[in-house]
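Data first, discussion second: the structure below is written as structure tokens.
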Amino acid sequence: MPKVHQTNGNGSRRRARGARVGTSLAEINVVPLVDVMLVLLIIFMVTAPMMTQGLPVNLPQARRSQPVSAQPIYVTIPAAFSRDRVVQINNDEVRVDILQERMKQAMLEHDDKSVFVRADGSVAYQDLVFVMDKLKEGGVEKVGLATRPAER
């Protein structure tokens, strides 16, 4: 609130033409603000690790596995993939350039948006990831990697 300094001698608090209004220097008290910010920082530091989730992974079962009830779609990546860039969808050979379009067509016919990938053991990891990216662009929601059981 501004303070009125009186200039006339009669003691009235009226503001006259020559009255000077003095304002106190308004400063923000930063100490409570810093305290609140530090408390919020501690809260976020404690709760942030609880909010992170790991990658969703469906671990395979080696024993007593149940057969797949629906007709699955198999995408096979041969050993010669790095040379000729051809994969196989069930029994049809498809160039990797049009893989996502073929998968969009195949996903229209299936309610289950999952695909099993069978890759040769000599296929480079980068090639496998490239094919999986193409599958995801084609509308596939789940990609399973097919393997054979270990020989005992």
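Read the figures in this text as sums done on the coordinates, not as results from a lab. None of the values given here were measured: they were computed from a predicted structure. No Cβ is skipped: glycine too gets one built from the backbone with ideal geometry, and neighbour counts run over all protein chains shown.
Once both labels are modelled 7 Å past Cα along the beta-carbon direction, what's the L33-I98 spacing in nm?
It works out to 6.4 nm between the two label points.
Can you run phi through the Karplus equation (6.51, -1.76, 1.60; θ = phi - 60°) for the range 82-95 and list ³J(HN,Hα) in whole Hz, with x for Gly and Pro?
Rounded to whole hertz, the list is 5, 8, 9, 6, 10, 10, 10, 9, 6, 10, 9, 7, 9, 6.
If you count the DSSP beta bridges with both ends in the range 73-145, what percent of them are antiparallel, to the nearest 5?
Roughly 40 percent of the beta bridges in the range 73-145 run antiparallel, per DSSP.
For K134, which aspartates and glutamates qualify as cross-link partners when the Cα separation must be under 17 Å and same-chain residues fewer than eight apart are set aside?
Once the sequence-local aspartates and glutamates are set aside, what remains near K134 is D84, D92, E93, D97, E101.
Please compute the net charge surrounding M107, taking Lys and Arg as +1 and Asp and Glu as -1 over other residues with Cβ under 10 Å from its Cβ.
Values: positive: R102, K104, K113; negative: E109, D111, D112, E141.
Around M107, the surrounding residues sum to -1.
With the contact rule set at Cα under 8 Å and sequence spacing of 6 or more, what percent relative contact order holds for the range 73-145? Provide the component values of the computation, followed by the final result.
Values: 107 pairs, mean separation 28.4, N = 73.
It comes to 39 percent, rounded to a whole number.
For V94, which sequence-distant residues (separation of 5 or more, or a different chain) have an amide H within less than 5 Å of its own amide H, given hydrogens modelled in the peptide plane?
For V94, whose amide H was placed from the backbone, the distant partners under 5 Å are V87, Q88, I89.
What do you get for Rg/Rh over the range 73-145 if you use C-alpha atoms and the Kirkwood form of Rh? Working shown, then result.
Values: Rg = 11.1 Å, Rh = 11.9 Å.
Ratio of gyration radius to Kirkwood radius: 0.93.
Apply the Karplus curve 6.51 cos²θ - 1.76 cosθ + 1.60, θ = phi - 60°, to the phi angles in the range 35-47 and return the couplings in whole Hz, x for Gly and Pro.
Taking θ as phi minus 60°, the curve returns 4, 5, 5, 5, 5, 4, 4, 5, 4, 5, 5, 6, 7 Hz for the range 35-47.
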